[in-house]
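The values are calculated or read from the model by the stated rules, or taken from the named source; none is laboratory data. Predicted model, so just to flag it, every value in this text is computed and none were measured. Virtual Cβ from ideal backbone geometry, glycine too; neighbours counted across all protein chains shown. Ligands, DNA and RNA are excluded from the accessible area calculation, which covers all protein heavy atoms including side chains. Shrake-Rupley method; radii C 1.70, N 1.55, O 1.52, S 1.80 Å.
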Amino acid sequence: MEYSFLKIESKDGICIMKVSAPKSLNALNSTILKEIDDFVSNLDINDVRVLIITGDGEKAFVAGADIAEMANLNEQQGYEFSKLGALAFRRIETLEIPVIAAVNGFCLGGGCELAMACDIRIASSKAKFGQPEVGLGITPGFSGTYRLAKLVGQGYAKEMIFTGKVIKADEALRIGLVNAVYEPEELMGKAMEMAQVIKEKAPLALQYAKECINESYDLYADGAIELENKDFGRCFATEDQKEGMAAFLEKRKPNFVGK
Ligand code: DAK
């Protein structure tokens, strides 16, 4: 399949997948989600030993799900959109090979959720992280409620999701959301270095180790993800979702009424 929004480079067992939608800071529309799903589903793990995911350009990893596309969804469409992303991200999480997110800039909403579906996150010092969805009248919908709490603990996850605050790379490092922070020009080199080290290890041992770590954490994953998909869909039956997204697109503050 030819991809419109993914740039793929593969060499010597290491593959780099770049999300590339520069006009919207790599925001995830449904075509991109389908492309990611297709790419990950068809990745030949006999050929690729480590996958690195990053964003194209200098400004963003992924600035979220595409608000312009989501603005007019109804409850059922919201649920389906949520499922599309959730399934693609779950495929990354359960891929048989290790996946490194090299976070090079804005990593918000669905972008943060994409990074959290990867096994390891490293970031540029310019990266910024957040789950700002409630400010748009929706909940995180690509498993962010589940994975953020798992990674940084419920207290900090709730603070981030309830306030929508955006944190810098050093704070992300402090709370354990990322493993390391590098200067922007060093980021991809460091991701490649880590991938090289991992690539030399036994593929099946890596696969089983990943499976064990995931399984022991993920006993409730499918239930948690389904619950989130439903609640995400419910947001699209509210006036606040329409208002939140219209306000973003019209570049003004939203006026939420609780309906
Ligand atoms: N969607 C669509 N367009 C976006 C976008 C987004 N998420 N983020 C940025 N853009 C667009 C902007 O509208 C702008 O377009 P033009 O005005 O040039 O046409 C262009 O990218 C450049 O952005 P800015 O001009 O705003 O650039 P700034 O440097 O001033 O600001 C920013 C950068 C990242 C702080 C700002 O763009 C921003 O606040 N963006 C929105 C971030 C955000 O709220 N992200 C969360 C989106 S909601 C689901 C699963 C997941 C989700 C939903 C459902 N299911 C499972 C169903 C996730 C939801 C989200 O991610």
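With protein chains left intact and a 1.4 Å probe, residues in the chain average 48 Å² of accessible area per residue.
With a cut-off of 11 Å between beta carbons, the residues surrounding residue 185 carry a summed charge of -1, where Lys and Arg count +1 and Asp and Glu -1.
Hull volume per residue, based on the alpha-carbon atoms of the chain and their convex hull, is 116 Å³.
Could you work out the local net charge near residue 102, counting Lys and Arg as +1, Asp and Glu as -1, over the other residues with Cβ closer than 10 Å to its Cβ? Around residue 102, the charge tally is +3. Strictly over 27 Å apart at the Cα level, which of 34/168; 165/259; 158/259; 126/150; 165/242 would you flag in this model? The pairs that break the limit, which is 27 Å between Cα atoms, are 34/168.
Compared with the dominant principal axis of the Cα atoms in the chain, helix 239-249 is inclined by about 60°. Taking a ≥ b ≥ c as the square roots of the eigenvalues of the alpha-carbon gyration tensor, region 89-143 is classed oblate because a/c is 1.5 or more while a/b is no larger than b/c.
Helix 75-93 axis versus longest C-alpha principal axis of the chain: approximately 20°, rounded to the nearest ten.
How much FRET efficiency would the formula 1/(1 + (r/R0)^6) give for residue 201 and residue 23, where r is the Cβ-Cβ distance and R0 is 51 Å, rounded to 0.05? Efficiency, from the Cβ-Cβ distance: 0.85. Shape class for region 1-84: oblate, because the ratio a/c of the largest to smallest gyration tensor axis (alpha-carbon atoms, square roots of eigenvalues) is 1.5 or more and b/c is at least a/b. Carbon-plus-sulfur accessible fraction, the chain (probe radius 1.4 Å, protein heavy atoms only): 53%. Between helix 221-235 and the chain there is an angle of about 30 degrees, using the helix long axis and the longest principal axis of the Cα atoms. Take the Cβ atoms of residue 31 and residue 180, set R0 to 22 Å, and the FRET efficiency comes out at 0.10. Ligands, DNA and RNA aside, residue 248 has an accessible area near 110 Å² when probed at 1.4 Å. With 0.36 nm allotted per residue and the present C-alpha distance subtracted, the residue 227-residue 170 stretch has 17.3 nm of extension available.
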